[in-house]
Amino acid sequence: MELLGVIRRFLFLATVLAVVELSCGTSLSGPAPSGLRFGFVGLHGGVFDALQEYGPALDLHLVYFADGDIRRDGFGFDGVDVIFLQHLRAEDKDRYVELLTRAKAENPRFAALTCSELPGGLLADLVRGGIVVDDPEIHRFYGSTKENLRRMLVCAAIRYGGRAGTIEPPVDEPPLQVFHPDHPEGFPDIPSFLEWANARRPEDPQKGRVLIVAHPLHLAFQQSQVVAALVRECERRGMRAVCITDGTPGWEEREREFQPDVIVHTCHGSESSSLREEMGVPHFSSLYTKAGAMEAYLQDPETGLSAGELQHQVVSQELLGTVEPLFVGATLRGGGSEEAVLPVPERVEHLAARVEARIKLQKTPAAQKKVAIIYYDRSMGKSELMRGTATGMFLNAPRSLLRVLKRLVEDGYTLNRPPETEDDLLARMKDHGRQVGVWAPDVLNALASSGKAVLIPAETYREWFETKVPEVQREQVAKQWGPPPGKFMVWEKDGQSFIVVPRVDLGNVILLPQPLRGEAQTVSALGVQTHDKLTPPPHNYLATYFWLQEQFQADAMIHFGTHGSEFLLPGKPDGLVAGDWCDMIIGALPNIGLWIVNNVGESTPLRRRSYATIVDHLTPPLVEAELSDELKNLQSDVQKWETLEDGALRDKFLEAIGRQMRDLHIDRDLHLDLSG
């Protein structure tokens, strides 16, 4: 009986162990070390949450270390048996080296493993020294499915934690290749998606197609909610939208097959530059931050993406021709936490609106397109009309603009009485296309009464101001420039106030001077310059851009030449949000920047802050200006005269110099009297 009881207890224990092993799917066995402590740094958002589900069943204690932990004084990987490394911040490299080196010295069995080849590049010296291990077996598991993440833990526990058992190979389960949030199981190909989508809602060809491209791991873990939000918002606006995963077999062919009008990358794109040229469509970047907490990032008026995020998501894509880097998401806590990225609804709407506007620009017939061409009236003086900053003088703006207008007519754009000569163009600009200073009320009255300027009622502007400008920014404007409508370019008639916007009206194409930011208007505003990044724009500046969005309803605007102030307003350097002035004035309008090729430095904020597609032009051809033979002889005689002492010979050279100056008419040019 006692023996029977022992057998029963043995069978019960064996059954329990079998059930536990079956439920975990694990191959760990034997009297192995228990309670291993695994640490993680820089994982993709959402991955750690998936890993934690398996910790208890595998007898593993899992802990995540965020940026704040790594940087904290006194921090160390104490008690950690294995650390997994993925996205590491370049700015923290020295700290990683210190912590990992110390951990290995204190615990020879400590293992630092890379999840992929990426972190090994940053810590190459530690890889060569054996402190960090680039294990291809571990790499095979990371970045695919939840089951493979579980098997990665098992593999690490056996290979580096001293446990007994069998390492199971990765499950060969292909990631989703064509995805729609309302069909989460995915589609095998593009035709099956289109069949499903058209059965739900017939496609409107004029609304176009948007392709969202995501890394498989981002779709599965880090940005699943961002992808869903982008697809749904584009669909809400009538576009046909779907997500495909890049890096999967045949993904470039799926991109071709879908024939998108715009492609949005939720991280760095990986297609070849030749494919981008072949597709010939705009590429947008959907930006996110894990460094900054969502609410803090949205409220911070100055801080953009971290250095690593900027390089990874923006710089690498600019080199491939991406035109619009638009912020859409963040984690709630920031600090490189383990969280998945969440969409910011207003920013998702903003990106979708810009995509929609870009497609509308492509599909609208030329005769119906409305274009605003913005030129510069820097100091409200005739000598500087159409010239931007110093480098702007290298563009013959009037002649260039005439050529652009002529080409627009040839391409079918609707222009009424376009100017035919430079004199005609400049005459119109001087007459009704210039800013007017507060000291010239009669000139402003003549302009406002001419019927050629735009008159924006103060009440209309106030409504735009209240709806388009967040409260904090409204207070900044009021403090600097007073309540709406302000004082600049404001005209009053019959008890009503109007903001006056000068323009040269050519029908569907208009020319208008960029409003000033306050410079040259009042003595108190002399410090406000084009490059000032502290002072908010005045009311008439905002009113001009809001009018282009709301009433003229431009399909595109062109900032003609290098350069204006639209990309130098206060706000973040990149990853802009609703409170950034550049973002407010550009709105959803496609922006084209005509830019001189040798001003590379400022072309970067032009792209990132005003979402400009740059069309560059060359500098003028330059050659060394040499002297004529006659002037060379004169120069030689002057140099000799300067070195000689007083005397007859010096007087002879002076006489020769005077004769040559008269022969070359230099005396007349310089208004010199050489008769004596």
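Residues that are without any contact (Cβ under 8 Å) to a residue 24 or more places away in the chain and touching a His at 6+ places or on another chain (Cβ under 7 Å) occur at least once in the range 595-609. Test residue 513 against the criterion of being under 28 Å from residue 302 (Cβ atoms) and either open to solvent by less than 40 Å² (accessible area, probe 1.4 Å) or without any contact (Cβ under 8 Å) to a residue 40 or more places away in the chain (or both), and give yes or no. No. Determine whether the range 241-249 contains at least one residue that is in contact with an Asp or Glu (Cβ under 7 Å, 6 or more places away or on another chain), surrounded by fewer than 20 Cβ atoms within 10 Å (Cβ to Cβ) and closer than 23 Å to residue 196 by Cβ. No, the range 241-249 has no match at all. Scan the range 249-261 and tell me whether some residue there is over 12 Å from the mean Cα position of the chain (by Cα), part of a helix (DSSP H, G or I) and closer than 26 Å to residue 586 by Cα. Looking for residues that are over 12 Å from the mean Cα position of the chain (by Cα), part of a helix (DSSP H, G or I) and closer than 26 Å to residue 586 by Cα, one finds none in the range 249-261, hence no. As for the range 204-215, it holds at least one residue that is at negative phi, open to solvent by less than 60 Å² (accessible area, probe 1.4 Å) and touching a Leu at 6+ places or on another chain (Cβ under 9 Å).
Quick check on residue 324: is it of a type outside the set (Val, Ile, Thr), open to solvent by less than 30 Å² (accessible area, probe 1.4 Å) and in contact with a strand residue (DSSP E or B) (Cβ under 7 Å, 6 or more places away or on another chain)? In short, yes.
Quick one: in the range 327-343, which of the residues that are touching a helix residue (DSSP H, G or I) at 6+ places or on another chain (Cβ under 7 Å) and of a type outside the set (Gly, Ala, Ser) is surrounded by the fewest Cβ atoms within 10 Å (Cβ to Cβ)? Going through the qualifying residues, I end up with 332.
Taken across the range 249-256, residues that are hydrophobic (A, V, I, L, M, F, W, C), at negative phi and at pLDDT 95 or above do not occur at all. What residue, among those in the range 76-86 that are part of a loop (DSSP other than H, G, I, E, B) and in contact with a strand residue (DSSP E or B) (Cβ under 8 Å, 6 or more places away or on another chain), is surrounded by the most Cβ atoms within 10 Å (Cβ to Cβ)? Of everything passing the filter in the range 76-86, 77 is surrounded by the most Cβ atoms within 10 Å (Cβ to Cβ). Based on what the data block shows, is residue 203 out of contact with any strand residue (DSSP E or B) (no Cβ under 7 Å at 6 or more places or on another chain) and free of Cβ contacts under 8 Å to residues at least 60 places away in the same chain? So residue 203 does not fit the description; no.
Looking at 477, 443, just one residue is open to solvent by 40 Å² or more (accessible area, probe 1.4 Å), outside any loop (DSSP other than H, G, I, E, B) and of a type in the set (A, V, I, L, M), and that residue is 443. Selection of the range 591-632 for residues being more than 43 Å from the chain's Cα centre (by Cα) and basic (Lys, Arg) yields only 632. If only residues of the range 87-113 that are modelled with pLDDT under 95 and closer than 20 Å to residue 140 by Cα are counted, the one that is surrounded by the fewest Cβ atoms within 10 Å (Cβ to Cβ) is 87. Counting the residues of the range 263-277 that are open to solvent by 40 Å² or more (accessible area, probe 1.4 Å) and touching a residue at least 12 places away in the same chain (Cβ under 8 Å) gives 4.
Being modelled with pLDDT of 95 or more, out of contact with any Cys (no Cβ under 7 Å at 6 or more places or on another chain) and surrounded by fewer than 20 Cβ atoms within 10 Å (Cβ to Cβ) holds for only one residue in 550, 519, and it is 550.
Report yes if some residue within the range 245-262 is among the small types (Gly, Ala, Ser), within 23 Å of residue 87 (Cβ to Cβ) and in contact (Cβ under 8 Å) with a residue 40 or more places away in the chain; otherwise report no. Before the answer, list the steps.
Just the residues of the range 245-262 that are among the small types (Gly, Ala, Ser), to begin with: 247, 250.
Now drop any that are not within 23 Å of residue 87 (Cβ to Cβ), which leaves 247.
Next, from what is left, pick out any that are in contact (Cβ under 8 Å) with a residue 40 or more places away in the chain: none.
Among the residues of the range 245-262, not one is among the small types (Gly, Ala, Ser), within 23 Å of residue 87 (Cβ to Cβ) and in contact (Cβ under 8 Å) with a residue 40 or more places away in the chain, which makes the answer no.
Scanning the range 189-217 for residues that are under 24 Å from residue 313 (Cβ atoms) and either modelled with pLDDT of 95 or more or of a type in the set (Gly, Ala, Ser) (or both) yields 209, 210, 211, 212, 213, 214.
Per this entry, residue 154 is not counted among residues that are in contact with a Gly (Cβ under 6 Å, 6 or more places away or on another chain), of a type in the set (Val, Ile, Thr) and assigned to a helix (DSSP H, G or I).
As an exercise: evaluate residue 635 against (1) within 20 Å of the chain's Cα centre (by Cα); (2) without any contact (Cβ under 8 Å) to a residue 40 or more places away in the chain and give the number of the one condition it does not meet. Exception for residue 635: condition (1). Of the residues making up the range 345-366, those that are open to solvent by 30 Å² or more (accessible area, probe 1.4 Å), under 19 Å from residue 205 (Cα atoms) and not charged (D, E, K, R) number 3.
The values are calculated or read from the model by the stated rules, or taken from the named source; none is laboratory data. Nothing here was measured: the structure is a model prediction, and the numbers come from that model. With ideal geometry, Cβ positions are generated from the backbone for all residues, glycine too; neighbour counts draw on all protein chains shown. We work out accessible area using only protein heavy atoms, side chains counted, and drop any ligands, DNA or RNA first. Shrake-Rupley method; radii C 1.70, N 1.55, O 1.52, S 1.80 Å.
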